[in-house]
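Novice: Please see the structure below; I have some questions.
The values are calculated or read from the model by the stated rules, or taken from the named source; none is laboratory data. What you see is a predicted model, and the numbers here were worked out from it, not measured in a lab. Please note: Cβ atoms are built from the backbone with ideal geometry, for glycine as well, and neighbour counts cover all protein chains shown. Note: accessible area is taken over every heavy atom of the protein model, side chains too, but ligands, DNA and RNA are not part of it. Shrake-Rupley method; radii C 1.70, N 1.55, O 1.52, S 1.80 Å.
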Amino acid sequence: MTTPLTTPPATPLTTSSTTPLITLTWTDHVTGRPGYLVVDRLVRGVSSGGLRMREGCTLDEVAGLARGMTMKEALHYNPEGRYIPLGGAKGGIDCDPQDPAAYGLLVRYLRAMRPYIESLWTTGEDLGLTQDLVDRAAEEAGLVSSIQAVYPLLDDEATARRRLADAFAVDVDGIGLDELVGGCGVAESVLAALDRAGVTHAGTRVAVQGLGTMGGATARFLSRAGLAIVAVADVKGTIANPDGLDVDALLAARDTYGTVDRGALRPADQELPGDAWLSVDAEVLVPAAVSYAIDTENQRQIGARWIVEAANMPVLPRAEELLAARGVVVLPDVVVNSGTNAWWWWTLFGDIGADAEEAFAYTRRSMRDLIDRMLARAEADGTTPRAAAHSIVADRLPVIAERFGWYR
């Protein structure tokens, strides 16, 4: 059952605090499966964070993701922008999204969480769920929208909602704009890191784990920037070609879960085991699927120079320490994959319109600025990029709080 909806006390928050505002566990009366909601922080009484569905999802996982959302929001704070960062939150459901009972479970979860979604938690697609599915289930659960908690903060709700709906209707080469902006941000993160290191784009080799929305779009943008995608991994294994894969053909051969039809492979394409993407000859690895993909054991297989976290929490902390000790740079998820969330709010609040080129240009500028700031801070402080990102957040949270007040 859900805990009673309460208004959190307006008490100071230190940036080192790790205690969320709201933590709850819900149990589905039909399947017995658990669901979770963690609200890490509120800004102007509202938080932002997607809803994931996967077998084995845990409360600790959701809490870590919620804290990451607080960071992502703070990192995109622009005092001159219309978009005002929200607090961080996350939802999770312990269920295989392909389970026949998954949709009914999703509807019941959203119905149980309705008081929070109506008042303080804006949510949307995440691992295992598409936005279309979330929208359909939200309507069935009696919600106006999965992001309705933010509506009172808008200057002109009707215009803002129409602008966001128009943006979701935009497609590029048959792919929805909402499915591309996140990968655009990840790709720009890669390019910014290469540029800072003086590495030429053309011919730089990349391996991508996961060819769903985020991984597929990242591969698409990097391929078009001249990089060679030499390996992609899905649930069936790794597809590799040292001369580069035909990314467009693989994307066209995906199902809705990002699994590639092997009938689309060319004769020179190789089918390798699932973890082979870690050890292929590549300068860049992009984990874009599940959390905790790189641990203390399999990190030994990695010979890449950069790991760019398109997924949430794909590299375990101890593994990251070991990678850093041998010179492998991890660009953290809180920066790298923040573009999708920011695009929603840039569009809704009116910083950009319902236009693909404007969205891509704004995303590229914002992500490149964040990557440059983070890497410059890491160099100046002698720390990792993740520690530098945390420092930037620690600088910005008090500024946001001073302007909008503390909520804890």
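Novice: Could you give log10 I(q)/I(0) at q = 0.14, 0.20 Å⁻¹ for the range 328-404, computed by the Debye formula over C-alpha point scatterers of equal weight, without solvent?
Specialist: -0.54, -0.95
Novice: Residue by residue through the range 327-334, what is 3J(HN,Hα) from phi via Karplus (6.51 cos²θ - 1.76 cosθ + 1.60, θ = phi - 60°)? Round to whole Hz and write x for glycine and proline.
Specialist: x, 8, 8, 9, 8, x, 4, 4
Novice: Could you work out how far helix 339-349 tilts from the main Cα principal axis of the chain, as a 0 to 90 degree angle to the nearest 10?
Specialist: So the inclination is approximately 40 degrees.
Novice: Based on the mean of other beta carbon atoms within 10 Å per residue, what is the order of 283-291, 380-388, most packed first?
Specialist: Details: 283-291: 25.2, 380-388: 16.2.
Ranked from most to least packed, the peptides come out as 283-291, 380-388.
Novice: If you add up the charges near GLN299, with Lys and Arg at +1 and Asp and Glu at -1, over every other residue whose beta carbon is less than 12 angstrom from its beta carbon, what do you get? Kindly include the intermediate steps, with their values, before the conclusion.
Specialist: Values: positive: ARG300, ARG318, ARG326; negative: ASP275, ASP295, GLU297, GLU320, GLU321.
Here the count lands on -2.
Novice: While we're here: Just flag the trypsin sites (Lys or Arg not before Pro) in the range 216-248 sitting in loop per DSSP whose Cβ has no more than 12 other Cβ atoms within 10 Å. Present the calculation step by step, with values, prior to reporting the outcome.
Specialist: On the way: sites: ARG220, ARG224, LYS236; in loops: LYS236.
Listed in order of number, the matching sites are LYS236.
Novice: Still on this structure, please answer the following. Sorted from largest down, what three extents in whole angstroms do the Cα atoms of the range 264-408 have along their principal axes?
Specialist: Rounded to whole Å, the extents work out to 54, 39, 28 Å.
Novice: Let me ask another. With charges only on Cβ, +1 for K and R and -1 for D and E, what is the dipole size of the chain about its Cα centre, in debye, rounded to 20?
Specialist: With Lys and Arg at +1 and Asp and Glu at -1, about 900 debye.
Novice: Run the numbers on the range 93-204 and let me know its relative contact order in percent, using alpha-carbon pairs under 8 Å that are six or more apart.
Specialist: Values: 73 pairs, mean separation 19.7, N = 112.
That works out to 18 percent.
Novice: Running a GNM on the chain with Cα contacts under 10 Å, which residue among VAL107, VAL208, VAL190 ends up with the highest mean-square fluctuation?
Specialist: So, out of VAL107, VAL208, VAL190, the one fluctuating most is VAL107.
Novice: Quick check: net charge around ILE84, other residues with Cβ under 12 Å of its Cβ, Lys/Arg +1 and Asp/Glu -1?
Specialist: Numbers: positive: ARG44, ARG82, ARG403; negative: GLU73, GLU80, ASP155, ASP351.
My count for the surroundings of ILE84 gives -1.
Novice: Helix 385-404 against the longest principal axis of the chain: what's the angle in degrees, Cα atoms only, rounded to the nearest 10?
Specialist: 20 degrees
Novice: May I ask you to order 90-102, 44-56 by the average number of other C-beta atoms within 10 Å around their residues, highest value first?
Specialist: Numbers: 90-102: 19.7, 44-56: 22.5.
Averaged packing, sorted descending, gives the order 44-56, 90-102.
Novice: Moving on to the next point. Which residues' amide hydrogens lie under 5 Å from the amide hydrogen of SER48, considering only partners 5 or more residues apart or on another chain, with H built in the peptide plane?
Specialist: Counting only residues 5 or more places away or on other chains, the set is GLY87, GLY88, ALA89, THR122.
Novice: While we're on this one: Where a ≥ b ≥ c are the square roots of the eigenvalues of the C-alpha gyration tensor, would you call the range 132-241 rounded, which needs a/c under 1.5, or, failing that, prolate if a/b is larger than b/c, or oblate?
Specialist: prolate
Novice: Right, something else. What whole-number value in Å² describes the accessible area per residue of the chain for a 1.4 Å probe? Intermediate values should be presented prior to the final figure.
Specialist: Numbers: 16270 Å² over 408 residues.
With the other protein chains kept in place, the chain gives 40 Å² per residue.
Novice: Still on this structure: Using a Gaussian network model of the chain with C-alpha springs under 10 Å, which one of THR123, THR259, THR31 is most mobile by mean-square fluctuation?
Specialist: THR31
Novice: May I ask for the net charge around LYS236, where only other residues with Cβ less than 14 Å from the Cβ of LYS236 are counted and Lys, Arg are +1 while Asp, Glu are -1?
Specialist: Details: positive: ARG254, ARG262; negative: ASP234, ASP255, ASP261, ASP269, GLU271, ASP275.
Spelling it out: positives minus negatives among the neighbours equals -4.
Novice: Which percentage, to the nearest 5, of the DSSP beta bridges contained in the chain is antiparallel? Before the final figure, lay out each step's value.
Specialist: Details: 22 of 46 bridges.
If we restrict to bridges inside the chain, about 50 percent are antiparallel.
Novice: When only Cα pairs under 8 Å and 6 or more residues apart are kept, what is the percent relative contact order across the chain?
Specialist: Details: 821 pairs, mean separation 70.7, N = 408.
With pairs under 8 Å counted, the relative contact order is 17 percent.
Novice: So, one more: Return the whole-Å distance between the Cα centroid of the range 251-295 and the Cα centroid of the range 110-177.
Specialist: Centre-to-centre (Cα) distance: 30 Å.
Novice: What is the projected area of the convex hull of the Cα atoms of the chain, averaged over all directions, in nm²? Don't skip to the end; give the middle numbers.
Specialist: Details: hull surface 74.6 nm².
Averaging across all directions leaves 18.7 nm² for the Cα convex hull.
Novice: Right, here's the next one. Kindly give Rg over Rh for the range 265-309, based on alpha-carbon atoms, with the Kirkwood expression for the hydrodynamic radius. List each step's numbers first, then the result.
Specialist: Details: Rg = 11.5 Å, Rh = 11.7 Å.
For the range 265-309, the value is 0.99.
Novice: If you line up the long axis of helix 356-381 against the longest principal axis of the chain, both from Cα atoms, how many degrees apart are they, to the nearest 10?
Specialist: Orientation of helix 356-381: about 80 degrees from the principal axis.
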